[in-house]
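The values are calculated or read from the model by the stated rules, or taken from the named source; none is laboratory data. The shown structure was predicted, so the numbers you read here are calculated from the model rather than taken from an experiment. Note that each Cβ is placed from the backbone with ideal geometry, even for glycine, and that neighbours are counted across all protein chains shown. Accessible surface areas use protein heavy atoms only, side chains included; no ligands, DNA or RNA. Shrake-Rupley method; radii C 1.70, N 1.55, O 1.52, S 1.80 Å.
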Amino acid sequence: MSKAGRKRPRVAAKKKRVWRPTATVAAATLAVGVALGALAGLLFGPEVVGPGAEPAAASAPQAATSAPGGRSNADASALMGEPVRILRPQERPLPVLPAPMLPAGPEPAWRRFAAPPPETGGRPMVAIALDDLGVDQEATRDAAALSGPYTLSYLPYGRHLGAHVAAARAAGHEVLVHVPMQPEGRVADPGPDALLLGLGEAELLRRLRAGIDAVVGEAGGAVGINNHMGSLFTADPAGMATVMRELRARGMMFLDSRTTAASVGVAAALAEGVPAVERDVFLDHVDSPGTIHHELARLEDIARREGTAIAIGHPRPHTLTALREWQVGLKERGIALVPLTAVLERRRQVAGRG
């Protein structure tokens, strides 16, 4: 037979081998999953859950956004693989820390750290507080350079606060802590660690104490606080009562910035035995020289009529320039510029609370 006529034997096609998991492999996979879950529990606590679980509800603004140890939830998920989801750590209630213990007998802080008032000669008295200090460094220095006495109020999240407070007091000014509080609406931002509705008493106190200590530290130096924003928080009796109990323990006063007509600040202060006053005029709600001079004239009118008047302004260029110009001839116009505590003392005497 020719080679062409020969038939080649048919070779059977090789079967494609398909991998199927065995019981041993499945068990190993399960063991790895359990080990990963245990590792996650050790690293991140009980808030590591499997797919399909709903995230725990976070309580209002202070809910944590990262896993313990500074690692973000997204980073943790990447480490553990897609099936594992890291949730926010559960918030544990903070203990209510004790109020600071003051030695028996000393003058309260609002008198101990008061700036010496000038001789008024019986003239009507005006006190002017400049707040929002500590963030803009140049504006903060310019405010302290004014010929006072003024009352300067520093935000807890400002910078170089110790040096600024020392310079202000050395220049004869009085010092307040400008405590951030929750405003109405969602547009205005009072800044970090603001006092917010819905916070527990322990967290409110932590924020308030941290804010005061950030400005004056252990040495003290502030006569009291006033609210930064706070149109919502200052209208809340429970929250303001918590604030006033802390101020009473520290011997501090309260200046109500009156960002809302619904504020209960002064009423809450008086109920807790805290000296308090409220502002009469905002100097620069419109940042223009004409508006500021108009408000300064209105401030003088109130002082002549009532005996005292309080204004609040900000360390803006127009405001600082207007104040320098306004002080010229002030004595001849029959007005005395005094620290805030001098007005507080006068109003307490008139009200029979001196």
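Treating the Cα atoms of segment 109-234 as identical point scatterers in vacuum, please give the log10 of the normalised Debye intensity I(q)/I(0) at q = 0.10, 0.14, 0.18 Å⁻¹, two decimals. Those come out to -0.33, -0.62, -0.94, one per q. Site pair Asp142 and His160 shows an inter-label distance of 1.5 nm when each label is modelled 7 Å from Cα along Cα→Cβ. For segment 259-276, the residues whose backbone nitrogen is under 20 Å from a point 7 Å from the Cα of Ala241, taken along Cα to Cβ, are 262-276. Other residues whose C-beta falls under 12 angstrom from the C-beta of Pro289 contribute a net charge of -2, scoring Lys and Arg +1 and Asp and Glu -1.
Note that segment 133-187 carries a Kirkwood radius of 11.7 Å, evaluated over its alpha carbons pair by pair. Contact order normalised by length for segment 236-309, with contacts defined as Cα pairs under 8 Å and 6 or more residues apart; what percent is it? Result for segment 236-309 is 25 percent.
When the chain is fully extended, how far beyond the present Cα-Cα distance does Arg209 get from Ala167, taking 0.36 nm per residue of separation? Could you put the intermediate results ahead of the total?
On the way: separation 42, 0.36 × 42 = 15.12 nm, distance 2.27 nm.
Extending this stretch completely gives an extra 12.9 nm.
The residues packed around Asp256, meaning those with a beta-carbon under 10 Å from its beta-carbon, carry a net charge of +1 if Lys and Arg are +1 and Asp and Glu are -1. Could you state how much accessible area Ser263 has, in square angstrom rounded to the nearest 10, with a 1.4 Å probe and all protein chains kept in place? Per-residue accessible area (Ser263): approximately 20 Å².
The orientation-averaged shadow of the Cα convex hull for segment 208-327, equal to a quarter of the hull surface, comes to 8.4 nm².
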